[in-house]
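Below is one structure; the comments refer to it alone.
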Amino acid sequence: MVAKKLRTVAVLTSGGDAPGMNAAIRAVVRTALGNGLNVRGIRRGYEGLLAEDIIDLSARDVSDTIQRGGTILYTARCPEMFQKEGVQEAAAIIKKYEIDGLVVIGGDGSYRGALALSKLGVNVIGIPGTIDLDIPCTEYTIGFDTAVNTAMEAIDKIRDTSTSHERCSIIEVMGRGAGYLALWCGIGNGAEKILMPEEQDFNEAAIIDDIAECRKRGKKNYIIINAESIGDSTNMAKRIEKATGISTRATILGHMQRGGSPTCRDRVYASTMGAFAVKVLLEGRRNRIICYNKGEFMDMDIDEALNATKPFPDFQYKIAQDLAL
Ligand code: F6P
């Protein structure tokens, strides 16, 4: 089969936004324009694609965006893309707008939509964008670095007041079904306990004993980082306070973790991935996910990427426990 000449590239962001997405969009737009391609932006992810909310993008449209959190293209979660009819309609719209390559910036859910489109002949390139770091084919996802630093700074502040009041603090972080944000904050903030889905066997009675034990050893506070998929932080705080007699507060960090200006790492890696995605299209490769592994940017077949597994770093969890002496 003779490959169709690449003329028009489109880009969309899908699922939860992540700081650094704008840097990736900017890199896609400018790399494509620099190589003589037309660039379209699809607003509100697949939802906007189905609504044909498609705009032309120029180099100036992405000026002054690299430092901004969120996504200038807006984003949405689109259940229609899990239905055959939705995918068929989306593929027909892509054909109608003569889009030869679609760059999807988002997480695993967004890749499932991309995979379905690829089966209908659409050439899709995925860029990992999620604060959760829960995409198995890559060690880096756009937004995690910023989100984990935002959470870490917030937890440092909570620690100050927790120490002053000699309290126990439970801080709930995002991460959907994964514990990467919790693990990194646990180590980075020097928490006493990390509760996360990959280490489900935690025992509240044992934590209560440990809090009392730590108090006897002179610890002035006790920080528990709780992954949102464990949840129940507010009730847990009440139970701990009742059992230990130590004043305990719960803080749910929530969506503030998803906002804010991206870190330098997120800007640089997102820019690299955006440019890399266009390079892959220019080189004629089809249906790939851009990844970062073992210090290198690379691309992987979308099927293979969706079947990849990433072992959880249990040794780091163990280190966190050892350091909470
Ligand atoms: O996937 C990113 C994320 O922020 C998760 O950590 C969280 O579970 C979810 O999105 C929240 O989604 P929403 O913004 O739809 O409430």
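The values are calculated or read from the model by the stated rules, or taken from the named source; none is laboratory data. A quick note: this is a predicted structure, and the numbers were derived from the prediction, not measured. Methodologically, a virtual Cβ is constructed for each residue, glycine included, from the backbone with ideal geometry; neighbour enumeration extends over all protein chains shown. Ligands, DNA and RNA are stripped out before the accessible areas are found, and what is left, the full protein with its side chains, is counted by its heavy atoms. Shrake-Rupley method; radii C 1.70, N 1.55, O 1.52, S 1.80 Å.
Here are the numbers for the structure shown:
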read-out: Matching residues, the range 67-98, being hydrophobic (A, V, I, L, M, F, W, C), within 24 Å of GLY20 (Cα to Cα) and buried (at least 20 other Cβ atoms within 10 Å of the Cβ); value: LEU73, CYS78
read-out: Residue within the range 35-50 that is open to solvent by 10 Å² or more (accessible area, probe 1.4 Å), away from the ligand (no atom under 16 Å from the Cβ) and in a helix (DSSP H, G or I) present; value: yes
read-out: The one condition in (1) at pLDDT below 95; (2) in contact with a helix residue (DSSP H, G or I) (Cβ under 9 Å, 6 or more places away or on another chain); (3) polar (S, T, N, Q) that GLN200 fails to fulfil; value: (2)
read-out: Among residues of the range 159-185, those that are open to solvent by less than 40 Å² (accessible area, probe 1.4 Å), under 26 Å from the mean Cα position of the chain (by Cα) and away from the ligand (no atom under 16 Å from the Cβ), counted; value: 2
read-out: Unique match (being closer than 22 Å to SER233 by Cβ and either within 12 Å of the ligand (Cβ to nearest atom) or at pLDDT 95 or above (or both)) among ILE208, ILE127, ILE99; value: ILE208
read-out: Enumeration of residues in the range 153-175 that are part of a helix (DSSP H, G or I) and closer than 19 Å to ILE230 by Cα; value: ILE155
read-out: Identity of the residue in the range 286-303, in contact (Cβ under 8 Å) with a residue 40 or more places away in the chain and out of contact with any strand residue (DSSP E or B) (no Cβ under 6 Å at 6 or more places or on another chain), that ends up surrounded by the most Cβ atoms within 10 Å (Cβ to Cβ); value: TYR292
read-out: Residue list for the range 7-34, filter: outside any strand (DSSP E or B), in contact (Cβ under 8 Å) with a residue 12 or more places away in the chain, at negative phi and of a type outside the set (A, V, I, L, M, F, W, C); value: ARG7, SER14, GLY16, ASP17, PRO19, ASN22, ARG26, ARG30, THR31
read-out: Unique match (being outside the structural domain of ASN293 (by TED's automatic domain parsing), under 18 Å from the mean Cα position of the chain (by Cα) and open to solvent by less than 40 Å² (accessible area, probe 1.4 Å)) among ALA114, ALA151; value: ALA151
read-out: When residues of the range 254-280 are limited to those that are open to solvent by 20 Å² or more (accessible area, probe 1.4 Å) and aliphatic (A, V, I, L, M), the one nearest to the ligand (Cβ to nearest atom); value: MET256
read-out: Every residue from the range 220-249 that is open to solvent by 40 Å² or more (accessible area, probe 1.4 Å) and more than 13 Å from the ligand (Cβ to nearest atom); value: LYS220, ASP232, THR234, ASN235, LYS238, ARG239, GLU241, LYS242, ALA243, GLY245, ARG249
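Residue by residue, here is whether (1) more than 21 Å from VAL268 (Cβ to Cβ); (2) touching a strand residue (DSSP E or B) at 6+ places or on another chain (Cβ under 8 Å); (3) away from the ligand (no atom under 15 Å from the Cβ) holds:
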{"residue": "ARG77", "(1), (2), (3)": "yes, no, no"}
{"residue": "VAL87", "(1), (2), (3)": "yes, no, yes"}
{"residue": "LEU117", "(1), (2), (3)": "yes, yes, yes"}
{"residue": "ASP134", "(1), (2), (3)": "yes, no, no"}
{"residue": "PHE144", "(1), (2), (3)": "no, no, no"}
{"residue": "THR150", "(1), (2), (3)": "no, no, no"}
{"residue": "LYS157", "(1), (2), (3)": "yes, no, yes"}
